[in-house]
Amino acid sequence: MLRVILLLAVGVIATYSAEEPRSQAAEPAAFNIRPVTIWSDGTRMAGDLYLPMDLKDGEKRAAILFCAGTGGTKAGNGAQCAKRFVSEGFVVLAFDYRGWGESDCKLMMTAPMPKPDDKGEVTVRARPVRWQMDMADQTLDIRSALSYLAGEPCVDAARIGLFGTSYGGGLVVWVAGNDPRVKCLVAQVPGLGGGRPPGAVQQAYALSTRQARGETEPVPFETGKLGGKMAAYAQMRVNPAKSLGYSPLEAAAKISAPTLILVAEKEDLLNNEENGKKLFDILTTNNVLAEYHVLPDIGHYGVYREAFDAATRMEAAWFRKYLAPATP
């Protein structure tokens, strides 16, 4: 067992960010919420399991796993979307990636680890690793959450769909291309890494070399801040070295699950042609059932606001169609 003295947590949960909807007045619940703990590579993740009120003992329902975008949490747009889809009769799981929201995080030791005592325990000084955009870790987190859902007694493990939005839209595409348990997929305003500038991969390898040699921060705390319009996520850090080998568009070539793609007509963070449209072209070339919809007159964040109802109507219909019970 590891006993730890924590040092200098990075960032706090923002009270509001562009990715998160503002809180709404409380409404009478038509569902039950059960807090759950999901283990991902030895770290606890916090999840909320949304259960329809009419769920009967012994019944198994189709399920949807919500995967957030940059800075998103289960209490923010996770709750917003989960409440919408549980109202359609699905079991829904929203969770926080490791180091985000209410989940525990990895630790970076600040000194060499001592030898374990006779109980196999050590006491170390460590820094919590929080609010990282870490594709390698977060694709594993999604697969761990998928495994949790597959083991839930009220869930039909053969009927689990993924819903990913923004940065999470890229993560779920990668997972759907590498995990056969995904039976249905929705990628909303997805960031897939399309249109990366020339030399980005070489720069990421160079950063990886400096990190491995201790010539820069092994984990970005002071470095790795987001720029441009993404600077609003002041608590977030990105590590390009962790994106090496991560390509949702390459993973898309392995997807067989029916896929719905929604993009914003006035997208202000991504290039639709290099992201959602390219994903659609890959799928249709491979004869995968796919639809591509452009939501009119909105920017990236309109899917959580003025276009939320229109978007979730299409998404709920997609899940109903492709997560329906098999015909006897």
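Residue under question is Ala157, and the condition is that it be of a type in the set (A, V, I, L, M) and in a loop (DSSP other than H, G, I, E, B); does it hold?
Against the criterion (of a type in the set (A, V, I, L, M) and in a loop (DSSP other than H, G, I, E, B)), Ala157 does not qualify.
Can you spot a residue in segment 209-224 that is closer than 25 Å to Phe163 by Cα, among the aromatic types (Phe, Trp, Tyr) and either out of contact with any Ser or Thr (no Cβ under 8 Å at 6 or more places or on another chain) or in contact (Cβ under 8 Å) with a residue 24 or more places away in the chain (or both)?
no
Within segment 185-207, work out how many residues are of a type outside the set (Lys, Arg) and open to solvent by 10 Å² or more (accessible area, probe 1.4 Å).
14
Looking at Leu323 and the list (1) over 19 Å from Arg84 (Cα atoms); (2) at pLDDT 95 or above, which single condition is not satisfied?
Answer for Leu323: the failing condition is (1).
So which residues in segment 107-128 are open to solvent by 20 Å² or more (accessible area, probe 1.4 Å) and under 23 Å from Phe221 (Cβ atoms), if there are any at all?
Leu107, Met108, Met109, Thr110, Ala111, Pro112, Met113, Thr123, Arg125, Arg127 - these are the residues of segment 107-128 that are open to solvent by 20 Å² or more (accessible area, probe 1.4 Å) and under 23 Å from Phe221 (Cβ atoms).
Within segment 166-175, identify whether any single residue is part of a loop (DSSP other than H, G, I, E, B) and either touching a residue at least 40 places away in the same chain (Cβ under 8 Å) or not aliphatic (A, V, I, L, M) (or both), and answer yes or no.
Scanning segment 166-175 turns up at least one residue that is part of a loop (DSSP other than H, G, I, E, B) and either touching a residue at least 40 places away in the same chain (Cβ under 8 Å) or not aliphatic (A, V, I, L, M) (or both).
If a residue has to be touching a residue at least 12 places away in the same chain (Cβ under 8 Å) and farther than 19 Å from Ala176 by Cβ to count, how many in segment 283-310 make the cut?
Total satisfying the criteria: 15.
Run down Val155, Val182, Val172 and say which single residue is modelled with pLDDT of 95 or more, crowded, with 17+ Cβ neighbours inside 10 Å and closer than 14 Å to Phe95 by Cβ.
Going through Val155, Val182, Val172 in turn, just one is modelled with pLDDT of 95 or more, crowded, with 17+ Cβ neighbours inside 10 Å and closer than 14 Å to Phe95 by Cβ: Val172.
Please pick out the residue among Leu260, Leu249, Leu279 that is touching a Lys or Arg at 6+ places or on another chain (Cβ under 9 Å) and open to solvent by less than 80 Å² (accessible area, probe 1.4 Å).
Sole residue among the options that is touching a Lys or Arg at 6+ places or on another chain (Cβ under 9 Å) and open to solvent by less than 80 Å² (accessible area, probe 1.4 Å): Leu249.
Of these, Asp309, Asp297, Asp268, which one is under 20 Å from Phe163 (Cα atoms) and either open to solvent by 60 Å² or more (accessible area, probe 1.4 Å) or among the basic types (Lys, Arg) (or both)?
The conditions single out Asp309.
So, in segment 84-106, exactly how many residues are touching a strand residue (DSSP E or B) at 6+ places or on another chain (Cβ under 6 Å), of a type outside the set (Gly, Ala, Ser) and open to solvent by less than 10 Å² (accessible area, probe 1.4 Å)?
7
Under 9 Å by Cβ, and 6 or more places apart or on different chains, what pairs join a residue from segment 32-51 that is loosely packed, with under 12 Cβ neighbours inside 10 Å with one that is outside any strand (DSSP E or B) and of a type in the set (Lys, Arg)?
Asp41/Arg98
The values are calculated or read from the model by the stated rules, or taken from the named source; none is laboratory data. Not measured: the values here are computed from a predicted model. Glycine also receives a Cβ, built like all others from the backbone with ideal geometry; neighbour counts cover every protein chain displayed. Keep in mind that these areas ignore ligands, DNA and RNA; they rest on the heavy atoms of the full protein, side chains included. Shrake-Rupley method; radii C 1.70, N 1.55, O 1.52, S 1.80 Å.
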